[in-house]
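Q: Okay, here's the structure, questions in a sec.
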Amino acid sequence: MYFIIMNTDKPGQEALRQATRRAQHDYLEGFRDKIKIAGPTVTEKSGVSTGSLIVFEADTFAQAEAFAGNDPYVKAGLFESRVIKAWNWIVGHPES
């Protein structure tokens, strides 16, 4: 099963994001087999990061929630909000 994890940064926290980026990338690397797509959301004009989107494969919502909750950005207090939803991957799925 796939889950969408959508995080929104607290305003004005670009320095915190930059300071935590290496730890976050290292964390994601440990889940390379479970992460299908990942990257920051950005502003249209300046490309400044505003949050992130991750498509994560897990057996249960609890597993996806645990993965999201241990993200170094979460632990650093970067995010204002997080949404996790089960997702049915139809178009563009590599196995379709």
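The values are calculated or read from the model by the stated rules, or taken from the named source; none is laboratory data. These numbers come from a predicted model, not from an experiment. Cβ sites come from the backbone with ideal geometry, for glycine too, and all protein chains shown count toward neighbours.
Q: Among the listed residues ILE90, ILE35, identify the single one that is under 10 Å from the mean Cα position of the chain (by Cα) and under 13 Å from TYR2 (Cα atoms).
A: Answer to the selection: ILE35.
Q: For region 1-37, name all the residues that are surrounded by fewer than 15 Cβ atoms within 10 Å (Cβ to Cβ), part of a helix (DSSP H, G or I) and hydrophobic (A, V, I, L, M, F, W, C).
A: Hits for region 1-37 are ALA15, ALA19, ALA23.
Q: Can you tell me which residues in region 4-34 are touching an Asp or Glu at 6+ places or on another chain (Cβ under 8 Å) and either among the β-branched types (Val, Ile, Thr) or closer than 16 Å to ALA86 by Cβ (or both)?
A: Hits for region 4-34 are THR8, LYS34.
Q: Can you spot a residue in region 41-51 that is at pLDDT 95 or above and touching a helix residue (DSSP H, G or I) at 6+ places or on another chain (Cβ under 8 Å)?
A: no
Q: I would also like to ask the following. Pick from LYS75, LYS45: which is basic (Lys, Arg), out of contact with any Asp or Glu (no Cβ under 6 Å at 6 or more places or on another chain) and over 19 Å from ALA19 (Cβ atoms)?
A: None of the other options fit; the residue is LYS45.
Q: Determine which single condition PRO40 fails, assuming it passes every other condition in (1) assigned to a loop (DSSP other than H, G, I, E, B); (2) in contact with a Ser or Thr (Cβ under 6 Å, 6 or more places away or on another chain).
A: Result: PRO40 fails condition (1) only.
Q: Tell me which residues, restricted to region 43-96, are surrounded by 10 or more Cβ atoms within 10 Å (Cβ to Cβ), outside any strand (DSSP E or B) and among the charged types (D, E, K, R).
A: GLU65, ASP71, LYS75
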